[in-house]
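Beneath this line is the structure, given in C-alpha cells, with notes to follow.
The values are calculated or read from the model by the stated rules, or taken from the named source; none is laboratory data. Predicted model only: the values in this text are computed from it and were never measured. Here the Cβ is made from the backbone with ideal geometry for all residues, glycine too, and neighbour counts use every protein chain on show.
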Amino acid sequence: MIRALDHVNIASTDVPATRSAYEALLGRAADADNRCQTPNIGLVIESAQKSGVRSAVFAADDFASTTRLIQRRGVELVVDGRSATTDVNGLTLGIIEREEPPAVDPDDAAAAILGLDHIVVHTTYPDRAVALFGARMGLDLRLDRTFVERSARQLFFRCGDLVVEIVVDLRKVGDDEDDRFWGLAWRARDAAAAHERLAGQGVEISELRTGRKKGTRVFTVKDHALGVPTLVIGS
C-alpha cells in the first residue's frame, strides 16, 4: 500500500522567484528540474497561471497491487507505466512506485528544516474526505477532533512520518465546493533557531509563538513567492 508522500507539486507564476524562496526556506538547493528534496519529501516547482499546491504524489512499494486495490475501491486512476494519477473531489493525486526514499544528507544544524510535518486539505464534506484518504487510499486516521468554539473539525491521517490534515469549517459543511489543498507546515529541529536564520536572510516571517501542540513553537512564513500558506513548527 501507500508508504509515504513522495513529493508535492507547487504551481508558480514565477518559477525563479518560487525556487529561490523554497531554497531559502528549506536551506537546500533545487536541482535542474526545480525539485528541492528534504529527508522525507520532495517539492517540485512547475510553471502555471495560478500559484498553489497543484498535486500530491504518494509512494507505494508495490505499485501494481496498490493501484489495483485503490481502483477496486472506486478511485479511477490513469496509469502510465509505474505512475498513476487521479482527479477526485477537486484534488489531483498521484501514485508512483518507490522502494526507498531518495538519499539526502541530513542537516544537523539547529536551524535546519527537517522535512514536511503536514499538508493541509480543506473540505466541506468530511465524510467524503475520510472515505477517500482512509477507506480508499488506505491512510491511517489517527485523530478526529472538533473545536466548537472555532467552528472547526480537524482529521489527521498518518502517511509515513508526516500527516495529511483535513480541515473542515463546520459552518460550511455540505456546501457545494471542491476540496482543495491549502497549506504546508514544515518541521524544524529548533523553531527559534530556524526563525533567527530566516530573519537573518531577510525572509518576511511572523513572530515566534506557542503552537497548539504541546511543547511546540511555530511561526508563519509570509513570502508570497512560496505560493501557499506556510508554517514552520518545532520545539
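On the given criteria, is Arg145 in a helix (DSSP H, G or I) and either more than 19 Å from the chain's Cα centre (by Cα) or β-branched (Val, Ile, Thr) (or both)? Quick ask: steps written out before the conclusion?
On the way: in a helix (DSSP H, G or I): no; either more than 19 Å from the chain's Cα centre (by Cα) or β-branched (Val, Ile, Thr) (or both): yes.
Against the criterion (in a helix (DSSP H, G or I) and either more than 19 Å from the chain's Cα centre (by Cα) or β-branched (Val, Ile, Thr) (or both)), Arg145 does not qualify.
Any residue at all in region 119-126 that's of a type outside the set (Val, Ile, Thr), surrounded by fewer than 22 Cβ atoms within 10 Å (Cβ to Cβ) and over 14 Å from the mean Cα position of the chain (by Cα)? Working first, answer last.
Residues of region 119-126 of a type outside the set (Val, Ile, Thr): 122, 125-126.
Subsequent filtering for residues that are surrounded by fewer than 22 Cβ atoms within 10 Å (Cβ to Cβ) retains 122, 125-126.
Next, from what is left, pick out any that are over 14 Å from the mean Cα position of the chain (by Cα): 125-126.
The answer is yes; a qualifying residue exists.
From the list Asn9, Asn34, which residue is in contact with a Lys or Arg (Cβ under 6 Å, 6 or more places away or on another chain), of a type outside the set (Lys, Arg), more than 14 Å from Val228 (Cβ to Cβ) and modelled with pLDDT of 95 or more? Spell out the reasoning first.
Working: Asn9 fails: more than 14 Å from Val228 (Cβ to Cβ).
Only one candidate passes the filter, namely Asn34.
Give me a count of the residues in region 95-130 that are at pLDDT below 95 and of a type in the set (Lys, Arg).
Going through region 95-130 one residue at a time, the tally reaches 1.
What number of residues within region 197-218 are of a type outside the set (Asp, Glu) and either assigned to a loop (DSSP other than H, G, I, E, B) or closer than 30 Å to Gln49 by Cβ (or both)?
Taking region 197-218 as the starting set, the residues that turn out to be of a type outside the set (Asp, Glu) are 197-203, 205-206, 208-218.
Okay, now just the ones that are also either assigned to a loop (DSSP other than H, G, I, E, B) or closer than 30 Å to Gln49 by Cβ (or both), so 198, 201-203, 205-206, 208, 211-216.
Looking only at that region, the number is 13.
Just checking, does region 188-196 include any residue being in contact with a strand residue (DSSP E or B) (Cβ under 9 Å, 6 or more places away or on another chain), under 22 Å from Arg150 (Cβ atoms) and not in a loop (DSSP other than H, G, I, E, B)?
Our first condition is that a residue be in contact with a strand residue (DSSP E or B) (Cβ under 9 Å, 6 or more places away or on another chain); within region 188-196, this holds for 188-195.
Filter again for under 22 Å from Arg150 (Cβ atoms), leaving none.
Checked region 188-196: no residue is in contact with a strand residue (DSSP E or B) (Cβ under 9 Å, 6 or more places away or on another chain), under 22 Å from Arg150 (Cβ atoms) and not in a loop (DSSP other than H, G, I, E, B).
So which of Arg189, Arg217, Arg212 ends up being more than 23 Å from Ile45 (Cβ to Cβ), crowded, with 16+ Cβ neighbours inside 10 Å and modelled with pLDDT under 95? Even if it seems obvious, please write down each step before you answer.
Numbers: Arg217 fails: modelled with pLDDT under 95; Arg212 fails: crowded, with 16+ Cβ neighbours inside 10 Å.
Within the list Arg189, Arg217, Arg212, the selection yields Arg189.
Would you check which residues across region 63-97 are surrounded by fewer than 18 Cβ atoms within 10 Å (Cβ to Cβ) and under 30 Å from Arg28 (Cα atoms) and list them?
Those that are surrounded by fewer than 18 Cβ atoms within 10 Å (Cβ to Cβ) and under 30 Å from Arg28 (Cα atoms): Arg82, Ser83, Thr85, Thr92, Ile96, Glu97.
Which of (1) among the acidic types (Asp, Glu); (2) more than 28 Å from Phe133 (Cα to Cα); (3) touching a strand residue (DSSP E or B) at 6+ places or on another chain (Cβ under 8 Å); (4) assigned to a loop (DSSP other than H, G, I, E, B) is the odd one out, the single condition Glu23 does not satisfy?
(4)
Can you tell which of Ala17, Ala48, Ala21, Ala30 is of a type outside the set (Lys, Arg) and free of Cβ contacts under 8 Å to residues at least 24 places away in the same chain? Talk me through it step by step, then tell me what you get.
Details: Ala17 fails: free of Cβ contacts under 8 Å to residues at least 24 places away in the same chain; Ala48 fails: free of Cβ contacts under 8 Å to residues at least 24 places away in the same chain; Ala21 fails: free of Cβ contacts under 8 Å to residues at least 24 places away in the same chain.
One residue alone meets the criteria, Ala30.
Count, please, the residues in region 1-35 that happen to be among the polar types (S, T, N, Q), crowded, with 16+ Cβ neighbours inside 10 Å and under 18 Å from Gly183 (Cα atoms).
Narrowing region 1-35 to residues among the polar types (S, T, N, Q): 9, 12-13, 18, 20, 34.
This time we only want the ones that are crowded, with 16+ Cβ neighbours inside 10 Å, so: 9, 12, 18, 34.
After this cut, where a residue has to be under 18 Å from Gly183 (Cα atoms) as well, the list is 9, 12, 18.
Total satisfying the criteria: 3.
Could you grab me the full set of residues in region 206-235 that are within 15 Å of Ile113 (Cα to Cα) and without any contact (Cβ under 8 Å) to a residue 24 or more places away in the chain?
Hit for region 206-235 is Thr220, nothing else.
Give the residues of region 32-57 that are over 16 Å from Asp6 (Cα atoms) and either in contact with a His (Cβ under 6 Å, 6 or more places away or on another chain) or part of a loop (DSSP other than H, G, I, E, B) (or both), sorted by residue number.
Ala32, Ala48, Gln49, Lys50, Ser51
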